[in-house]
Amino acid sequence: MTKILFRPTLLVITVVLVSAIASAQSADSAKPSASDGSKLIYADFQNLENGRPVSKQGGATRLNAYSQNPANPPHYRGLEKSDPPAPAPARVTDADTAAAFEYELRIPNEWAGVSIEIFGHPEQDGKLVPDDVSAYKFITMRLFAKGPQSIKLELITRGHGYNLESGYPVAYFKVSPGFNTYKMKLSDFSQPSWATPLDFKRDVLMKLTSITVGVSCDKCKLESGTVVVDNIAFEK
Ligand SMILES: [Ca+2]
């Protein structure tokens, strides 16, 4: 693996993570494991390409930001000088790397957000390559967040029948202190009421091209923080 340089702020996060893991080693698997029949490891961020974290199968990652008020978009920091913007690799232990970003949500904004988008596979012939995750019941991940109350997840399909600008199935979970494993039921994901309706299994789960993990706000208040994510998997 290439040598990873950390900015001072991420270094602090790394130290926090290491101590969180040391105190909870037995309660939580810190080791990335392999995919098997009951589990599909989607992204453990153990590999980098040009310094950018990639998914388990080598799919790209990028940072997305959006806002209702174009004059006050969110600010964010990931991997320095990356284009398109990428999350920063963050060292959890000597042998374990996660993906991280810092953010600031600004006002006034009716809605805004920043997320890491993780593609399952590298593009082939300029096309996104889907995963069929319809056999799984849960999505799991380890996550550390300082700043947000909750994390927004999104399941996305593009180029395989549908290309929505927005309105893909979303789910939210509440953040607890520390670097914890979270487990969400896939059946808890739903589209916003205004979105073009998709068949969740046929159009999304069977043709999943990327997922996002991020922060968001409605009727936004000033908020800043850090998100570190690792070991994203689908489980039966
Ligand atoms: Ca990892």
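The values are calculated or read from the model by the stated rules, or taken from the named source; none is laboratory data. Values in this document were obtained by computation on a predicted structure and should not be read as measured data. As a convention, Cβ positions derive from the backbone with ideal geometry for all residues, glycine included, and neighbour counts pool all protein chains shown.
It is to be established whether one or more residues within the range 62-76 are within 14 Å of the ligand (Cβ to nearest atom) and either in contact with a Ser or Thr (Cβ under 8 Å, 6 or more places away or on another chain) or outside any loop (DSSP other than H, G, I, E, B) (or both). No, there is no match, as no residue in the range 62-76 is within 14 Å of the ligand (Cβ to nearest atom) and either in contact with a Ser or Thr (Cβ under 8 Å, 6 or more places away or on another chain) or outside any loop (DSSP other than H, G, I, E, B) (or both).
Residue-level check: of (1) assigned to a loop (DSSP other than H, G, I, E, B); (2) within 20 Å of V213 (Cβ to Cβ); (3) not polar (S, T, N, Q), Y162 misses just (2). Among residues of the range 45-69 that are touching a residue at least 24 places away in the same chain (Cβ under 8 Å), those with a beta-carbon under 6 Å from a residue that is aromatic (F, W, Y) and within 11 Å of the ligand (Cβ to nearest atom) at least six positions away or on a different chain give the pairs P53/F45. With respect to (1) in contact with a helix residue (DSSP H, G or I) (Cβ under 6 Å, 6 or more places away or on another chain); (2) of a type in the set (G, A, S); (3) loosely packed, with under 11 Cβ neighbours inside 10 Å, the lone exception for A171 is condition (3). Applying the condition of being assigned to a strand (DSSP E or B) and surrounded by fewer than 18 Cβ atoms within 10 Å (Cβ to Cβ) to the range 88-122 and asking which residue is nearest to the chain's Cα centre (by Cα) yields E104. Scan the range 193-236 for residues that are under 16 Å from the mean Cα position of the chain (by Cα) and either under 26 Å from P130 (Cβ atoms) or more than 16 Å from the ligand (Cβ to nearest atom) (or both) and the total you get is 18. Pairing each residue of the range 83-108 that is away from the ligand (no atom under 12 Å from the Cβ) with any residue that is aromatic (F, W, Y) and in a loop (DSSP other than H, G, I, E, B), provided the two are 6+ apart or on different chains, yields C-beta distances under 8 Å for A88/F6.
Taken over the range 156-181, the criterion of being touching a residue at least 12 places away in the same chain (Cβ under 8 Å) and over 16 Å from the mean Cα position of the chain (by Cα) is satisfied by R158, G159, H160, G161, Y162, L164, S166, G167, G178. Selection of the range 135-155 for residues being buried (at least 21 other Cβ atoms within 10 Å of the Cβ), of a type outside the set (F, W, Y) and either within 13 Å of the chain's Cα centre (by Cα) or closer than 16 Å to I118 by Cβ (or both) yields I139, M141, R142, L143, A145, I151, L153, E154, L155. In this structure, is A30 surrounded by fewer than 18 Cβ atoms within 10 Å (Cβ to Cβ) and at pLDDT below 95? It is false that A30 is surrounded by fewer than 18 Cβ atoms within 10 Å (Cβ to Cβ) and at pLDDT below 95.
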